[in-house]
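In what follows, a single structure is set out as structure tokens and then discussed.
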Amino acid sequence: MTKKQLEENYQQVLCNIENACQRSGRNPEDITLIAVSKTKPIEMIKTAIELGMTSFGENKPQEIRDKTKSITDPVKWHMIGHLQSNKIKYVLNTCELIHSVDSLKLARQLSKQAEKKECDINILLQVNVSEEDSKQGFMLSDVEQTVREIATYNNLHIKGLMTIAPYVENPEENRSIFRQLGELLIDIKSKNIDNVNMSILSMGMTGDYEIAIEEGATHIRVGTGIFGERNYNS
Ligand SMILES: *Cc1c(COP(=O)(O)O)cnc(C)c1O
């Protein structure tokens, strides 16, 4: 991927974000574009930073640790993949936001380790809206109760909800998933639960981020659409 290609991809995504905002009466400034840089080399991320990208998403704790050692620019790192308890140490002081809190056990361990390190962690709860067996996350019907429970954990701050929609040919098929998560966010926000700030809705990937924006996404996670196909063998 040349710098020119990367720039064209980036500009195209920005343009699509703008159009989706226009269609839905939203302000593009309210959308955070997370460039999903998993498997991509340091050099490519540095080029992305030169082009103006400021938020990056990774799904492997060690990859975040390694990349944040080499990239010292003031960019924000987002943990978007399944997190195992024994890897928490790699994301504690490096991540802006952990999108993928998918169990009470993980939340408890994050809280414990954050307390020990005297730091705070911002999290989203991952919701399995599509109820696919292959996906992590809480069931929609369990989210409010879970929020109330996690809200009492020290050093953890719930900022909103995240979902991964299924891969579909026609992104319209995911609209109802995004809508359901958006409605749940508003519903929980209206309950004004202590230590809970339901302001972030992380949904939409390369194939469906425009629909997600139309349905209220505040954070979209775009990998392929910016950096091209991933090669997991190299
Ligand atoms: C890989 C990944 C993305 C980006 O996927 P693309 O289809 O390449 O945009 C977004 N979210 C999560 C959780 C991911 O793991």
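The values are calculated or read from the model by the stated rules, or taken from the named source; none is laboratory data. Everything numeric in this text was worked out from a predicted model, so none of it was measured. Every residue, glycine as well, gets a Cβ built from its backbone with ideal geometry; the counts of neighbours run over all protein chains shown. Surface areas here come from the heavy atoms of the whole protein model, side chains and all, with no ligands, DNA or RNA. Shrake-Rupley method; radii C 1.70, N 1.55, O 1.52, S 1.80 Å.
Computed quantities for the displayed model
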item: For region 24-33, Karplus couplings with θ = phi - 60° (6.51, -1.76, 1.60), whole Hz, Gly/Pro x; result: 10, x, 10, 9, x, 5, 8, 10, 9, 8
item: Amide H contacts of LYS76 (H built 1.01 Å from N, under 5 Å, at least 5 apart or other chain); result: SER55, PHE56
item: Average accessible surface area per residue within the chain, 1.4 Å rolling probe, Å²; result: 49
item: In nm, spacing of pseudo-spin labels at LEU51 and GLU29 (7 Å Cα→C-beta vector); result: 2.5
item: Cα gyration tensor category, rounded, prolate or oblate, for region 3-224 with a/c compared to 1.5; result: oblate
item: Cross-link table LYS46/LYS112; LYS46/LYS87; LYS112/LYS189; LYS46/LYS89; LYS89/LYS116; LYS67/LYS112, entries beyond 23 Å C-alpha to C-alpha; result: LYS46/LYS112; LYS46/LYS87; LYS112/LYS189; LYS46/LYS89; LYS67/LYS112
item: Heavy-atom accessible surface of region 12-73: percent carbon and sulfur, 1.4 Å; result: 43
item: Theoretical gain in end-to-end length, ASP120 to ASN197 [0.36 nm per residue, Cα-Cα removed]; result: 26.3 nm
item: Coil-residue GluC sites (Glu not before Pro) of region 98-152, DSSP, other Cβ within 10 Å capped at 12; result: GLU118, GLU131, GLU132
item: Heavy-atom SASA rank of VAL13, VAL168 (probe 1.4 Å, accessible area, largest first); result: VAL168, VAL13
item: Cleavage-rule hits, GluC sites (Glu not before Pro), region 200-234, DSSP coil, Cβ neighbours within 10 Å at most 14; result: GLU229
